[in-house]
1. Here is the link list: K84/K279; K77/K279; K26/K111; K2/K114; K26/K152; K26/K91. Which ones come out longer than 31 Å on Cα distance?
2. Assuming a viscosity of 1.567 mPa s and a temperature of 4 °C, what translational diffusion coefficient in µm² per second does Stokes-Einstein assign to the range 207-251, Rh being the Kirkwood radius over Cα pairs?
3. Shape verdict for the range 244-286, please, from the Cα gyration tensor: rounded (a/c under 1.5), prolate (a/b greater than b/c) or oblate.
4. Quick check: net charge around V244, other residues with Cβ under 13 Å of its Cβ, Lys/Arg +1 and Asp/Glu -1?
5. Which FRET efficiency, nearest 0.05, do F259 and L313 yield, Cβ-Cβ r, R0 22 Å?
6. First measure r as the distance between the Cβ atoms of D31 and Q62, then evaluate 1/(1 + (r/R0)^6) with R0 = 25 Å and state the FRET efficiency to the nearest 0.05.
7. What are the principal axis extents of the Cα atoms in the range 97-170, in Å, biggest first?
8. What does the extension gain come out to for K152 and K114, with contour length at 0.36 nm per residue minus their alpha carbon separation?
Amino acid sequence: MKRIGVLTSGGDSPGMNAAVRAVVRKAIFHDMEVFGIYNGYQGLMEGNIKKMELGSVGDIIQRGGTILYSARSEEFKTEQGQEKAIEQLNKFGIEGLIVIGGDGSFRGAEKLTKKGYPCIGVPGTIDNDIPGTDYTIGFDTALNTIIDAIDKIRDTATSHERTYVVEVMGRNAGDLALWAGLADGAESILIPERPDDFEDVINKLKRGQARGKKHSIIILAEGVGNGMEYGQRIKDATDMDTRVTVLGHIQRGGSPSGFDRVLASRLGARAVDLLIEGKAGRMVGIQQNKLVDHDIIEILTHPHEIDLNMYKLSNELSI
Ligand code: F6P
């Protein structure tokens, strides 16, 4: 394989640039040509493709977002859209493609692989919701952004003796909420993987109040429901001075953490190795600190697993 392409797709995540850099540098190291595909699958269909050199990825390892931009394309899901993409791949002589993104992006990669274009997926999403890898690129940075925000909320929560509901991202996964809750000593963590026990949340708040606690933090994963509504329910049930913060897209930005930069570098480089080895339709991941790869679609049939021991521990520590 002499010519490969790389694109980022779906919601961006900190560390995607470090992964792009690793793909480009590793491919050039192996005397291959690399093409950057801009705006994800949408840009692929439109031929928004440029050759990348060593310098194209200089000074980006520390930058959040993605220099290749990202998009969610409805057209690419159609047969016609995929044909358009293949026309462009042929035009540029691209023989293999590395797709950095989440499960939606991997489904696109599988479609192209089935049509004869070997694709390798690199998991990049803050949600940490991809089976077959312990961590996705961007999760650690987003987690630290949440921790930083909650530390600040805690200051004002204490000053005013308030209860805060903090809604965090994660789509249908509770990883960000669970890790942030444990890292922040939250009173309660609400995640989609566990039934929501409202009475337990209220009892804990009341126990804390009786003990003279100055503030309480409840972390709600967006997959559980709406933070504003949850805050209102707490207000109604307790009469506590309650505020709600929806952290939103600040969780997706910022300079990637050291962990995410290293993870992205390892996974991006491994993806190039797989193409060189003639593999197709695989997803790279990290499990127990070892690089692994899995069939890109088979792995998505497995449920995403969250470590419920951490949930138990958090409850034990926030009695
Ligand atoms: O998948 C990443 C993510 O940030 C989710 O946590 C969130 O639900 C979603 O994307 C938000 O998507 P958008 O940026 O399209 O609003």
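Where a number appears in this text, it was derived from the coordinates with a stated rule and is not lab data. The model shown is predicted, which means the values in this text are computed figures rather than measured ones. Methodologically, a virtual Cβ is constructed for each residue, glycine included, from the backbone with ideal geometry; neighbour enumeration extends over all protein chains shown.
1. Working: K84/K279 24 Å; K77/K279 23 Å; K26/K111 25 Å; K2/K114 20 Å; K26/K152 40 Å; K26/K91 23 Å.
As for pairs spanning more than 31 Å Cα to Cα, those are K26/K152.
2. Details: Rh = 11.9 Å.
Approximately 109 µm²/s, per Stokes-Einstein.
3. On the way: a/c = 4.40, a/b = 2.46, b/c = 1.79.
Prolate, since a/c reaches 1.5 and a/b exceeds b/c.
4. Values: positive: R162, R233, K235, R243; negative: E167, E222, E229, D241.
Residues near V244 contribute 0 overall.
5. Details: r = 21 Å, r/R0 = 0.95.
With a Förster radius of 22 Å, E is 0.55.
6. Working: r = 27 Å, r/R0 = 1.10.
Plugging the Cβ-Cβ distance into 1/(1 + (r/R0)^6) gives 0.35.
7. 61, 17, 16
8. Details: separation 38, 0.36 × 38 = 13.68 nm, distance 4.88 nm.
Extra length from K152 to K114 when fully extended: 8.8 nm.
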